[in-house]
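> I'd like to ask some things about the structure below.
Every number in this text was worked out from the coordinates using simple rules, so none of it is lab data. Quick caveat, the model's predicted, so the values are computed rather than measured. Cβ placement follows ideal geometry from the backbone for every residue including glycine, while neighbour counts extend to all protein chains displayed.
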Amino acid sequence: MTAEQKSGFNGEGQLPRSAMDDTYLQHLGIAVDAFKDYVQHKSQNRVGREKDRQLIPFELEKYTGTLESLIKDVVYDELNGTRLYKAEDGSEMIYNTFDVSSFARTVYTRYTGRPLPELRPQPEGAEEPRRKTLVVFPSAPTVQAGHPFLEWSIQQGMDKLGPMLKKIERGEPLDDVRVVTLSTPTQKTWGRLTPKYVEQIKQDGFDVIGRTYADLLKHEGLFQGKSSSSDSIEFTGMSMGGSSAIATAKILLDEHVVTQSFAERAETGKPYLQIRLDNPAGIRREGEEWPERERKVLVGAAGLTFEVLKMMPKHLNFILAVGKEGKYIDDLAGELEKRGIRRMSDETQMKLKKEAVGSLVGYLKRGTLVPPDLKVTFVSGNSDLLTRSDEQSARWKIIQERGKSVPPIVSDTSLADGMPGRENRREAVVETGHMIPFFKLDSGQEMHRWLRSLDTLFTLVDGELT
């Protein structure tokens with residue numbers, strides 16, 4: 001098994017940031033528009049929360065220009081952190097690692113023009129820096145989908161930038177925060193399959209993908225070193241990626257590489273694994289009645305079509321950006337070729353990839369069972385028409401009512417009705433459909449944190465941070 005990244009123009013695997021100027025970035029326009037909309041219209045309507053000011057035109061231009069630059073920096077770092085993984089069975093895929101802490105340090109020196117302050121001695125009993133790794137499993141219902149250039153790195157980078165800049169200025173150590181975004185070997189541009197691998201998928205479905213991911217993550221060194229009591233690894237599976245995340249987690253837990261027991265983590269130092277599934281498609285809870293395959297497909301296809309039509313008036317720019325995903329992938333493929341990672345999309349590979357995706361979608365229709373002893377948090381859209389069922393609707397209604405007076409992610413044990421495994425489930429219901437618009441456009445919470453990060457950056461530049 002190998003992971004490769006060939007050198008770039010400067011002999012160190014990196015290209016100048018100016019190389020990004022002509023690259024179409026799928027999330028850039030949406031992020032900037034969401035930020036503008038928040039600071040111009042929604043920032044004064046934060047019910048029960050600290051109000052944000054509205055930016056005057058000069059400030060708005062300054063903030064959005066910097067936001068654009070920072071988002072390009074994130075994607076630039078993702079490209080330079082992209083690796084090609086070659087499995088022993090001959091399959092290949094890319095993945096990328098975004099180091100949020102390193103990003104914050106680079107932003108500090110680049111924008112302030114000052115070197116990093118020296119670390120100050122920490123008081124006795126101070127909490128040790130934590131390691132937190134978010135592993136993102138993409139959805140791949142088509143051969144175009146399943147690439148690793150999603151919005152998660154941008155979200156984490158902007159959310160945590162402000163607090164990290166403050167720590168840097170005070171000479172405090174940073175937590176080690178990373179985002180590992182996986183792709184799939186079925187992805188048309190960067191995946192590679194063998195006929196044997198496709199036959200294995202036909203026979204064992206997501207268990208095969210799970211094995212590939214488990215081996216990749218072990219090769220990445222994600223589970224090496226003794227874990228402290230505050231370290232965490234979180235698997236996030238989106239839609240179809242939920243089945244891949246569950247399959248991967250089962251393998252790593254069976255191999256005793258990770259744990260979901262706090263006592264075992266304290267005793268052995270194994271990393272603690274959290275699992276979050278966003279609008280999981282094809283996931284079955286214990287005891288849940290599963291519709292026959294044909295009805296599930298019909299309802300899902302019709303639901304997704306209606307959902308797109310419903311979203312268009314409010315989130316047209318999001319729909320248009322999704323429609324331009326092909327250009328986004330082509331532009332990034334050109335950037336990766338400069339870094340020595342070639343496209344793998346010949347006629348033979350396309351045939352194999354379509355076969356494999358078709359088989360995985362078939363397994364999705366049958367439903368992936370979540371073992372009752374697996375601790376999982378489900379985050380579902382209350383208007384998700386693709387995966388909705390009568391049982392889910394009833395459960396979501398109860399959770400939403402309870403969520404008015406408690407935190408949005410609440411225990412599901414009161415809904416157990418004797419079903420095994422419910423004590424290991426947490427459920428959250430959010431105001432969205434199956435297709436979740438980038439950057440939580442409606443709530444304003446994310447843009448509030450981005451504004452705070454930019455405020456901190458400009459205060460640092462002006463030398464006024466205390």
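> Report, by chain and number, residues whose modeled amide H sits under 5 Å from the one on PHE137, excluding near sequence neighbours (fewer than 5 apart, same chain).
THR236, GLY237, MET238
> Which of the pairs LYS324/LYS353; LYS86/LYS354; LYS62/LYS324; LYS36/LYS132; LYS354/LYS375 have their Cα atoms more than 25 Å apart in this structure?
LYS62/LYS324; LYS36/LYS132; LYS354/LYS375
> Let me ask you something else. Would you mind ranking LYS132, LYS62 by Cβ crowding within 10 Å, fewest neighbours first?
Result, fewest neighbours first: LYS62, LYS132.
> Specify whether the C-alpha gyration tensor of the range 136-276 places it in the rounded, prolate or oblate class, a ≥ b ≥ c being the square roots of the eigenvalues: rounded for a/c under 1.5, otherwise prolate if a/b is larger than b/c and oblate if not.
oblate
> A further question follows. For VAL177, list long-range residues whose amide hydrogen, built 1.01 Å from N in the peptide plane, is under 5 Å from its own amide hydrogen.
Those qualifying (amide H under 5 Å, at least 5 residues apart or on another chain) are VAL100, SER101, LYS132.
> If amide hydrogens are placed 1.01 Å from N in the peptide plane, which non-local residues have theirs closer than 5 Å to the one on SER380?
Excluding prolines and chain starts, which carry no amide H, the hits are ASN279, ALA428, VAL429, VAL430.
> I need THR189, THR194 ordered by Cβ neighbour count within 10 Å, fewest first.
Fewest-to-most ranking of THR189, THR194: THR194, THR189.
> Still on this model: Order by neighbour count: PHE137, PHE58, PHE149, fewest other Cβ atoms within 10 Å first, most last.
Sorted ascending by nearby Cβ count, the order is PHE58, PHE149, PHE137.
> Let me ask something else. Need the full-extension length gain, GLN445 to THR109, defined as separation in residues times 0.36 nm minus the C-alpha distance. One decimal, nm.
Length gained, GLN445 through THR109: 118.2 nm.
> Additional query: For labels at GLU128 and LYS218 in the simple 7 Å Cα→Cβ model, what's the distance in nm?
Label at GLU128, label at LYS218, 2.5 nm between them.
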